[in-house]
Amino acid sequence: MAVRTLIVDDSRTMQQLVKAELERSDAISVIGVASSAQEAREMIKALDPDVITLDIEMDGMSGLEFLERIMTLRPTPTVMVSSLTSEGAEESLTALELGAIGCFDKSDLLARRDGGSKSSLIDLVLTAAQARNSSGFGQRRATTQKVVEGYRARPNSLIGIGASTGGVESLIEILRQFPADCPPTVIVQHMPETFTKSFANRLDRLCPPKVEEARPGAVLTPGKVLLAPGGLQHLEIAGSSARLHCRLLEGDKVNGHRPSVDRLFHSLARYAGPNALGMILTGMGNDGAAGLLAMRQAGAMTLGQDRASSVVYGMPAEAHACGAVTEQLSLRKIGARALEWCRA
């Protein structure tokens, strides 16, 4: 059955472009077009769409204000369609934190007026439709676990995390639980290259540990969380167990992604072995499953987010199915369990 989609944008030109793009897929049916938040509100009530595409900048109520109302009153999978430049990354990250499934750059559609291959907007809408059936979608979460006071990690322990769709909100919740002296932590979150620096800065403001984008040669030390830069290179770790550092390496995409969770996890298996803990969170596809299995076979602790709390139970499901996950836990519990395992 086709994914019933409502387009919300105050530009007639963009309405037509988004509609034409989505109708290139037989799996999507555009059931309405709205030019304002007020019009969209009435159409959502009347049509109950499976997915909404929503502009961030609109006259009257902004897309972000409207998104927050949607997620509070009538949670519906939403894809933000806007101009995703580095200057707009903060607004886009706010949308993801509020519960948007993904963000799409309008300029990509403008460049495709001559009719090229199908854009990733179609994939985002189809992914959003899967999230609609997840019990983890639309839950406004509040951290219930307290930050651990006086925490001491056992020597050489470290944490690796992989996430994709829904990961922004999940990572914020988990890292808010981490103490300022948490074990060294490295993260691959699938997102555009213009987003990761802003996301690292946001995590740094919201969470006790120091969070920054990973740089070549950056040493893994307690109290530091390193986020893989998006788009151009893979993040791996290397070195001795007493002094591990980051490597950023060029290479083809793995499982459709660069950076790839699998590349990070395989390096953790090789260089950290039983000192490492791997955590795979909500996301579409299978990136990270093989790497997490390698970590488990190397003696590492491995955790997977459960179906109920995942926005998209894809990556954790694949990891669980291949035997890579030692324990499967809810988002509320998984961060605390990781700290417990790493405790001295």
Sort through Lys197, Lys210 and tell me the only one that's closer than 30 Å to Arg69 by Cα and of a type in the set (Lys, Arg). Lys197
Restrict the check to the stretch 68-87 and report whether at least one residue is under 16 Å from Ser120 (Cβ atoms) and of a type in the set (Gly, Ala, Ser). yes
State all residues of the stretch 264-312 that are buried (at least 24 other Cβ atoms within 10 Å of the Cβ), touching a His at 6+ places or on another chain (Cβ under 6 Å) and assigned to a helix (DSSP H, G or I); if no residue qualifies, say none. Gly291
Do we find that Gly116 is at pLDDT below 70, on the phi < 0 side of the Ramachandran plot and buried (at least 19 other Cβ atoms within 10 Å of the Cβ) in this structure? no
So for the stretch 261-268 (the condition being acidic (Asp, Glu) and out of contact with any Gly (no Cβ under 6 Å at 6 or more places or on another chain)), does at least one residue qualify? no
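Regarding Ser240, is this residue polar (S, T, N, Q) and either farther than 23 Å from Arg152 by Cβ or modelled with pLDDT of 95 or more (or both)? Spell out how you get there, then give the answer.
Values: polar (S, T, N, Q): yes; either farther than 23 Å from Arg152 by Cβ or modelled with pLDDT of 95 or more (or both): no.
Spelling it out, it is not the case that Ser240 is polar (S, T, N, Q) and either farther than 23 Å from Arg152 by Cβ or modelled with pLDDT of 95 or more (or both).
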Which condition breaks for Gln139 when tested against (1) among the polar types (S, T, N, Q); (2) in a loop (DSSP other than H, G, I, E, B); (3) open to solvent by less than 70 Å² (accessible area, probe 1.4 Å); (4) at pLDDT below 85? (3)
May I ask you to list the residues in the stretch 30-45 that are crowded, with 18+ Cβ neighbours inside 10 Å and under 12 Å from Arg69 (Cβ atoms)? Ala37, Ala40, Arg41, Ile44
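Could you pull out the residue among Thr185, Thr165, Thr196 that is under 26 Å from Gly217 (Cβ atoms), of a type in the set (S, T, N, Q) and within 14 Å of the chain's Cα centre (by Cα)?
Working: Thr185 fails: within 14 Å of the chain's Cα centre (by Cα); Thr165 fails: under 26 Å from Gly217 (Cβ atoms).
After ruling out the rest, the residue left standing is Thr196.
For the stretch 173-232: of the residues being in a helix (DSSP H, G or I) and of a type in the set (A, V, I, L, M, F, W, C), which is surrounded by the most Cβ atoms within 10 Å (Cβ to Cβ)? Can you show your working first?
Kept after step one, since they are in a helix (DSSP H, G or I), are these residues of the stretch 173-232: 173-177, 196-206.
So of that shortlist, the ones also of a type in the set (A, V, I, L, M, F, W, C) come out as 174-175, 199-200, 203, 206.
Working: Ile174: 28, Leu175: 22, Phe199: 26, Ala200: 22, Leu203: 23, Leu206: 14.
Across the stretch 173-232, the extreme among qualifying residues is Ile174.
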What do you reckon, is Arg263 touching a strand residue (DSSP E or B) at 6+ places or on another chain (Cβ under 9 Å), more than 21 Å from Arg296 (Cβ to Cβ) and not aromatic (Phe, Trp, Tyr)? no
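Select from the stretch 62-87 the residues that are under 21 Å from Ser36 (Cβ atoms) and at pLDDT below 90 and list them in ascending order. Outline the logic, then answer.
Taking the stretch 62-87 and keeping what is under 21 Å from Ser36 (Cβ atoms), we get 62-83.
Ser82, Ser83 - these are the residues of the stretch 62-87 that are under 21 Å from Ser36 (Cβ atoms) and at pLDDT below 90.
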Conditions (1) in contact (Cβ under 8 Å) with a residue 24 or more places away in the chain; (2) open to solvent by 50 Å² or more (accessible area, probe 1.4 Å); (3) assigned to a loop (DSSP other than H, G, I, E, B): number failed by Met61: (2)
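The values are calculated or read from the model by the stated rules, or taken from the named source; none is laboratory data. If you're wondering where the values come from, they're calculated on a predicted model, not measured in any experiment. Cβ sites come from the backbone with ideal geometry, for glycine too, and all protein chains shown count toward neighbours. Ligands, DNA and RNA are stripped out before the accessible areas are found, and what is left, the full protein with its side chains, is counted by its heavy atoms. Shrake-Rupley method; radii C 1.70, N 1.55, O 1.52, S 1.80 Å.
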